[in-house]
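A.B. asks: Before I ask anything, let me first share the structure, which is written out below as structure tokens.
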Amino acid sequence: MEYLDFELPIKELEDQLDKCQIIGTESNVDVTDTCKQIEKKLEETKKQIYKNLTAWQRVQLSRHPNRPYTLEHIANLTKGTFLELFGDRNFKDDKAMVGGLGQINGQSFMLIGQQKGINTKMRQLRNFGMASPEGYRKALRLMKMAEKFNIPVITLIDTPGAFPGLEAEERGQGEAIARNIIEMVRLKVPIITVIIGEGASGGALGIGVGDRVLMMENTWYSVISPESCSSILWKSWEYKEQAAEALKLTSTDMKKMKLVDEIIPEPLGGAHYDKETAFKTVEQYILKAYKELKDLSTEKLIAQRMDKYSKMGEYKE
């Protein structure tokens, strides 16, 4: 297990517990009471740390290298029924954007999301989850296919942003994202969006228009990352923690501002501490959202979706 800087007190206690258990196993000394005391202190420390996380610490958790990525979520949600589909039928297949058909609890879905990769080689292959125009065009192609066969859509968001390279701009990055947004608004099937990690900028919005937008507890959703915000406002990345607080990017902030519909709770310490529980919880929330949407007429579904996004940004002084 890899530990973040604010998790070091937990690491120290877990190391102490391991040593205590080894002593009990390799000697005749009874260390049961000592181990129990350490376990109790460990549990209290975990609760104390994780119930008082700052915005920046939640950003760190969303990027944890052991946190489950899109394909891992899809594999566990669909339980072996997932059929991946490739290509935008225009330029090429973008490995940063994955999608295909699968069943969850007997119901077919079109599942689409950004994939970061689990090691250096795979991250390079997946371009660290930063999709190019062909990725967004592939996503739109799959959504249109789902619409044709009346299959609901699930999008899983986990990206540091759309790929900002010159070649992506040459192939119409802005147009591809804008096209997705307008087409998703009027798509004739239910769309359920789940933010499972980072939700940054237009890269997230390109597959982020949904009838229900769900946000896992230790994720973030914002127009810009804390580091980039800090570099623009303070000309340095050193103020990323202040930027994270100012951006109001946590799940609690997003729910309070009515930009997401529900927060999906995570196991203590984050989804990577107990992946099975995290997967089951995500599945429950997806099925609950689909149950609320499945009987709506096409006209009502689109009207509600348009109304939902039209109201965003309204405020009273």
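A.B. asks: For a quick check of understanding: with a 1.4 angstrom probe and all protein chains in place, what accessible area in square angstrom does Ser231 have, to the nearest ten?
C.D. replies: We get 40 Å² for Ser231.
A.B. asks: At 1.4 Å probe radius, can you tell me the per residue accessible area of the stretch 79-215 in Å²?
C.D. replies: Value returned for the stretch 79-215: 39 Å² of accessible area per residue.
A.B. asks: Over the heavy atoms of Val260, what accessible area does a 1.4 Å probe trace out, to the nearest 10 Å²?
C.D. replies: About 10 Å², ignoring ligands and nucleic acids.
A.B. asks: Shape of the stretch 233-274 from its Cα gyration tensor (a ≥ b ≥ c, root eigenvalues): rounded if a/c is under 1.5, otherwise prolate when a/b > b/c, or oblate?
C.D. replies: Since a/c reaches 1.5 but b/c is at least a/b, the shape of the stretch 233-274 is classed as oblate.
A.B. asks: With a 1.4 Å probe and all protein chains left in place, how much of the accessible area of the chain comes from carbon and sulfur atoms, in whole percent?
C.D. replies: The C+S portion of the solvent-accessible surface of the chain is 52 percent.
A.B. asks: Taking amide H positions as placed in the peptide plane 1.01 Å from N, state which residues far from Glu198 in sequence (5 or more) or on other chains have amide H under 5 Å from it.
C.D. replies: Excluding prolines and chain starts, which carry no amide H, the hits are Thr159.
A.B. asks: Assuming a viscosity of 0.692 mPa s and a temperature of 37 °C, what translational diffusion coefficient in µm² per second does Stokes-Einstein assign to the stretch 43-194, Rh being the Kirkwood radius over Cα pairs?
C.D. replies: Stokes-Einstein gives a translational diffusion coefficient of 199 µm²/s.
A.B. asks: Continuing with the same structure: Using the Kirkwood radius over Cα pairs, work out the Stokes-Einstein diffusion coefficient for the chain at 37 °C and 0.692 mPa s, in µm²/s as a whole number.
C.D. replies: 158
A.B. asks: Over the Cα atoms of the stretch 1-116, what radius of gyration and what Dmax do you get, in Å?
C.D. replies: Rg and Dmax of the stretch 1-116, Cα atoms, are 21.7, 70 Å.
A.B. asks: If you don't mind, there's one more thing I want to ask. With just the Cα atoms of the stretch 165-216, tell me how far they stretch along each of the three principal axes, in Å, largest first.
C.D. replies: 33, 27, 10
A.B. asks: Rounded to the nearest 20 Debye, what is the dipole magnitude of the chain about its Cα centre when Lys and Arg each give +1 and Asp and Glu each give -1 at the C-beta?
C.D. replies: Roughly 1200 debye for the chain.
A.B. asks: Please list the equivalent ellipsoid semi-axes of the stretch 39-83, computed as the square roots of five times the alpha-carbon gyration tensor eigenvalues, in descending order and whole angstrom.
C.D. replies: Taking √(5λ) for each eigenvalue gives 30, 15, 7 Å, largest first.
A.B. asks: In addition: Ala162's amide H: which non-local residues (gap 5+, or another chain) put their own amide H closer than 5 Å, with H modeled 1.01 Å from N in plane and none for Pro or chain starts?
C.D. replies: Gly202, Gly203, Ala204
A.B. asks: Add -39500 (n - 2.57) for each DSSP H run of 4 or more in the chain, then divide by its residues: what number comes out at 222 nm, to the nearest 500 deg cm²/dmol?
C.D. replies: -14500 deg cm²/dmol
A.B. asks: Tell me, what is the per residue accessible area of the stretch 227-299 in Å², probe radius 1.4 Å?
C.D. replies: Ligands and nucleic acids excluded, the figure is 59 Å² per residue.
A.B. asks: When ranked by the protection proxy of mean other Cβ atoms within 10 Å per residue, highest first, what sequence do the peptides 30-42, 142-154 form?
C.D. replies: So the peptides 30-42, 142-154, ranked by packing, come out 142-154, 30-42.
A.B. asks: Oh, and also: Karplus couplings for the stretch 152-164 from phi (6.51 cos²θ - 1.76 cosθ + 1.60, θ = phi - 60°), rounded to Hz, Gly and Pro as x?
C.D. replies: x, 10, 10, 10, 10, 9, 7, 8, x, x, 5, 4, x
A.B. asks: Suppose a student asked you for the relative contact order of the chain, using Cα pairs under 8 Å spaced at least 6 residues apart; what percent would you report?
C.D. replies: Dividing the mean separation by the residue count of the chain yields 15 percent.
A.B. asks: Sorted from largest down, give the three principal axis spans of the alpha carbons of the stretch 214-317, whole angstrom values.
C.D. replies: That works out to 51, 40, 21 Å along the principal axes.
A.B. asks: For Lys116, enumerate residues with amide H under 5 Å from its amide H, sequence gap 5+ or separate chain, H modeled in the peptide plane.
C.D. replies: Those qualifying (amide H under 5 Å, at least 5 residues apart or on another chain) are Thr70.
A.B. asks: Which of rounded, prolate or oblate describes the stretch 158-279 when judged by the alpha-carbon gyration tensor and an a/c cut-off of 1.5?
C.D. replies: oblate
The values are calculated or read from the model by the stated rules, or taken from the named source; none is laboratory data. Values in this document were obtained by computation on a predicted structure and should not be read as measured data. A quick note on method: Cβ atoms are made from the backbone with ideal geometry, for glycine too, and the neighbour counts reach across all protein chains shown. Note: areas computed on protein heavy atoms with side chains; ligands, DNA, RNA excluded. Shrake-Rupley method; radii C 1.70, N 1.55, O 1.52, S 1.80 Å.
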